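To keep things clear, I will list the structure first and then write my remarks on it.
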Amino acid sequence: MPAGADTADAILRCARSLIVAGGYNGFSYADIADAVGIRKASVHHHFSTKAVLVRILVQRYRAEFDAGVAEIERHFPDPADRLRAYLGYWQDCIGEPSSSFCVCALLSTEIPLLPAEVVVELKGHFQTLSAWLASVLQAGADHGTFTLSADAHTEAEAFMATVHGAMLSVRAYGDPGIFTTITDALTARVATQH
């Protein structure tokens, strides 16, 4: 049995996997306790309510996203390479049961049923992702790498929706290759032809 901070981390990892598998309402504290090997009371000790647990999970997810974007920015100065790195991250995750889908995208399908504190975090994630994608697309347009058919913000929203839709298509068809098929077409659409 994990102890202290390790227990909290194990609970969060388990909750993330359970959300990817079945959404916010698809798991209980009993499911987490069984999977982690602790008592249900221990889950409540670390996270008093499911809303608190999922809010903290989304906050952690957002921090991981921020760190991932910082790494992409550090290693890939070219905007096209930045988009490829972002898509490559998800391509690598496709097929992994615990990370095959964006947790925030999954949770956003349940917004009408979610606690307000979780919704605030979800909206923050999408605003941050959209702003980053817009900055990458605008930088590519400024350097002649991308041709945008709308303003960078609109293009970023379409890009984000297409990537999340590609994740849905992978699930619907049971075919991980469809992600690349969709996202290759997406990047080809914005790439400037020379």
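Return yes or no: is Ala172 assigned to a helix (DSSP H, G or I), touching a residue at least 24 places away in the same chain (Cβ under 8 Å) and either in the same structural domain as Val103 (by TED's automatic domain parsing) or more than 15 Å from the chain's Cα centre (by Cα) (or both)? Don't jump to the end; show me each part of the working.
On the way: assigned to a helix (DSSP H, G or I): yes; touching a residue at least 24 places away in the same chain (Cβ under 8 Å): no; either in the same structural domain as Val103 (by TED's automatic domain parsing) or more than 15 Å from the chain's Cα centre (by Cα) (or both): yes.
It is false that Ala172 is assigned to a helix (DSSP H, G or I), touching a residue at least 24 places away in the same chain (Cβ under 8 Å) and either in the same structural domain as Val103 (by TED's automatic domain parsing) or more than 15 Å from the chain's Cα centre (by Cα) (or both).
Can you tell me which of Phe146, Phe179, Phe159, Phe126 is surrounded by 15 or more Cβ atoms within 10 Å (Cβ to Cβ), aromatic (Phe, Trp, Tyr) and more than 22 Å from the chain's Cα centre (by Cα)? Quick ask: steps written out before the conclusion?
Numbers: Phe179 fails: more than 22 Å from the chain's Cα centre (by Cα); Phe159 fails: more than 22 Å from the chain's Cα centre (by Cα); Phe126 fails: more than 22 Å from the chain's Cα centre (by Cα).
Residue meeting the stated conditions: Phe146.
What are the residue pairs meeting all of these: first residue in the range 44-59, first residue touching a residue at least 24 places away in the same chain (Cβ under 8 Å), second residue in a loop (DSSP other than H, G, I, E, B) and aliphatic (A, V, I, L, M), Cβ atoms under 9 Å, and 6 or more apart or on different chains?
Pairs found: Ala51/Leu114; Val54/Leu114.
Any residue at all in the range 71-90 that is in contact with a Lys or Arg (Cβ under 6 Å, 6 or more places away or on another chain), part of a helix (DSSP H, G or I) and acidic (Asp, Glu)?
Initially, the range 71-90 is screened for residues in contact with a Lys or Arg (Cβ under 6 Å, 6 or more places away or on another chain), giving 72, 76.
Subset that is part of a helix (DSSP H, G or I): 72.
From what's left, acidic (Asp, Glu): none.
Scanning the range 71-90, I find no residue that is in contact with a Lys or Arg (Cβ under 6 Å, 6 or more places away or on another chain), part of a helix (DSSP H, G or I) and acidic (Asp, Glu), so the answer is no.
Given the criterion surrounded by 15 or more Cβ atoms within 10 Å (Cβ to Cβ), in the same structural domain as Thr183 (by TED's automatic domain parsing) and either of a type in the set (Phe, Trp, Tyr) or at pLDDT 90 or above (or both), identify the matching residue among Leu18, Leu107. Before you say what the answer is, go through the steps one by one.
Details: Leu18 fails: in the same structural domain as Thr183 (by TED's automatic domain parsing).
Sole residue among the options that is surrounded by 15 or more Cβ atoms within 10 Å (Cβ to Cβ), in the same structural domain as Thr183 (by TED's automatic domain parsing) and either of a type in the set (Phe, Trp, Tyr) or at pLDDT 90 or above (or both): Leu107.
Sort out which residues of the range 129-178 are in contact with a strand residue (DSSP E or B) (Cβ under 8 Å, 6 or more places away or on another chain), of a type outside the set (A, V, I, L, M) and under 22 Å from Ala70 (Cα atoms), and write them in order of number.
We begin by selecting, within the range 129-178, every residue in contact with a strand residue (DSSP E or B) (Cβ under 8 Å, 6 or more places away or on another chain); these are 137, 140, 145-147.
Retained after the next criterion (residues that are of a type outside the set (A, V, I, L, M)): 140, 145-147.
Those that are in contact with a strand residue (DSSP E or B) (Cβ under 8 Å, 6 or more places away or on another chain), of a type outside the set (A, V, I, L, M) and under 22 Å from Ala70 (Cα atoms): Gly140, Thr145, Phe146.
For a quick check of your reading of the model, give me the residue pairs whose first member lies in the range 131-142 and is free of Cβ contacts under 8 Å to residues at least 12 places away in the same chain, whose second is among the hydroxyl-bearing types (Ser, Thr, Tyr) and in a helix (DSSP H, G or I), with beta-carbon atoms closer than 9 Å and at least 6 apart or on different chains.
none
Answer yes or no: is there a residue in the range 55-66 that is surrounded by 20 or more Cβ atoms within 10 Å (Cβ to Cβ), among the charged types (D, E, K, R) and over 21 Å from Gln138 (Cα atoms).
Checked the range 55-66: at least one residue is surrounded by 20 or more Cβ atoms within 10 Å (Cβ to Cβ), among the charged types (D, E, K, R) and over 21 Å from Gln138 (Cα atoms).
The values are calculated or read from the model by the stated rules, or taken from the named source; none is laboratory data. What you are looking at is a predicted structure, and each value in this text was computed from that prediction instead of being measured. Cβ atoms come from the backbone with ideal geometry, glycine included; neighbour counts cover every protein chain shown.
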